[in-house]
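**Q** Got a structure for you, questions after.
The values are calculated or read from the model by the stated rules, or taken from the named source; none is laboratory data. Not measured: the values here are computed from a predicted model. Here the Cβ positions follow ideal geometry from the backbone for every residue, glycine too, while neighbour counts run over all protein chains shown. SASA here: full protein model, heavy atoms, side chains in, ligands and nucleic acids out. Shrake-Rupley method; radii C 1.70, N 1.55, O 1.52, S 1.80 Å.
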Amino acid sequence: MIFKNTKILLTIFHDFTILCISFFLALWIRLENQSLDFLGFLWPYMILFATLNFFLLNRFGLYHGIWRYASIQEISSITKSLFASTLFILAALFLSIRLENIPRSFPFLLFFVSFFAVASPRFIYRIIKDKIGVHKGSNKVPVIVVGEEDSAELFIRAANREKNSPFKVIAILGSRNMSIGRRIHNIPIISTINSLDKLKNILQKKKT
């Protein structure tokens with residue numbers, strides 16, 4: 001099913017390639033020039049590591065997600081997949097060659113290098129898309145959000161991210177005086193709901 005979607009195929013190719021590179025980098029960080037010699041007999045484990053992660057990441061639903069909406073769920077999926085595959089490779093190396101000449105730090109390096117290699121592009125892509133979406137909102141209706149709870153945060157995030165959203169949040173009215181001056185997604189809390197009489201003056205000052 002997933003092979004019928006070109007974007008998913010490109011994502012799979014990206015992850016497979018980056019995981020193979022991560023395997024080599026984990027060796028190179030520890031062994032430097034000797035890593036090429038080790039790769040001569042470890043390359044089947046590199047392919048196994050990348051292939052295993054393909055099945056695990058698909059099992060955890062990563063390839064059914066959209067990079068634009070990368071979130072903590074994707075982080076969790078990547079972490080579980082890499083943790084399981086790293087343990088599997090470690091077990092395979094132990095059973096086949098008894099970990100002979102394999103640096104003890106290799107599994108840790110493999111996990112962390114692979115994690116950043118797989119997760120970083122997704123979140124960099126999301127940040128770029130979110131920034132582009134914000135700059136395209138010049139014709140949106142300016143609104144002020146009341147409250148600093150989770151519902152307000154979700155509205156602000158959606159308004160900033162969605163290209164078709166008619167709203168642009170310019171300020172927040174908090175429920176507590178101690179919240180004044182703080183920010184949610186870089187939107188300032190300028191006053192409280194108990195000081196609505198001062199709101200007009202505050203907004204006039206912000207325009208000047």
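**Q** Hey, any hits in the range 106-115 for a residue that's modelled with pLDDT under 90 and open to solvent by less than 30 Å² (accessible area, probe 1.4 Å)?
**A** Scanning the range 106-115 turns up no residue that is modelled with pLDDT under 90 and open to solvent by less than 30 Å² (accessible area, probe 1.4 Å).
**Q** Looking only at the range 172-191, how many residues end up being modelled with pLDDT under 80 and assigned to a strand (DSSP E or B)?
**A** Number of matching residues: 1.
**Q** Please state which of the following conditions LEU82 fails to meet, knowing it meets all the rest: (1) over 18 Å from the mean Cα position of the chain (by Cα); (2) of a type outside the set (Ser, Thr, Tyr); (3) modelled with pLDDT of 85 or more.
**A** The single condition LEU82 does not satisfy is (1).
**Q** While we're here: Name the residues in the range 18-30 that are in contact (Cβ under 8 Å) with a residue 12 or more places away in the chain and open to solvent by 30 Å² or more (accessible area, probe 1.4 Å), would you?
**A** Answer for the range 18-30, where residues must be in contact (Cβ under 8 Å) with a residue 12 or more places away in the chain and open to solvent by 30 Å² or more (accessible area, probe 1.4 Å): ILE18, ILE21, PHE24, LEU25, ILE29, ARG30.
**Q** When only residues in the range 5-47 that are under 25 Å from the mean Cα position of the chain (by Cα) and at pLDDT below 85 count, which is farthest from HIS64 (Cα to Cα)?
**A** Looking at the filtered set, the residue picked out is THR6.
**Q** Out of everything in the range 160-171 that is crowded, with 16+ Cβ neighbours inside 10 Å and at pLDDT below 80, what residue ends up being nearest to SER71 (Cα to Cα)?
**A** Among those that are crowded, with 16+ Cβ neighbours inside 10 Å and at pLDDT below 80, it is ARG161.
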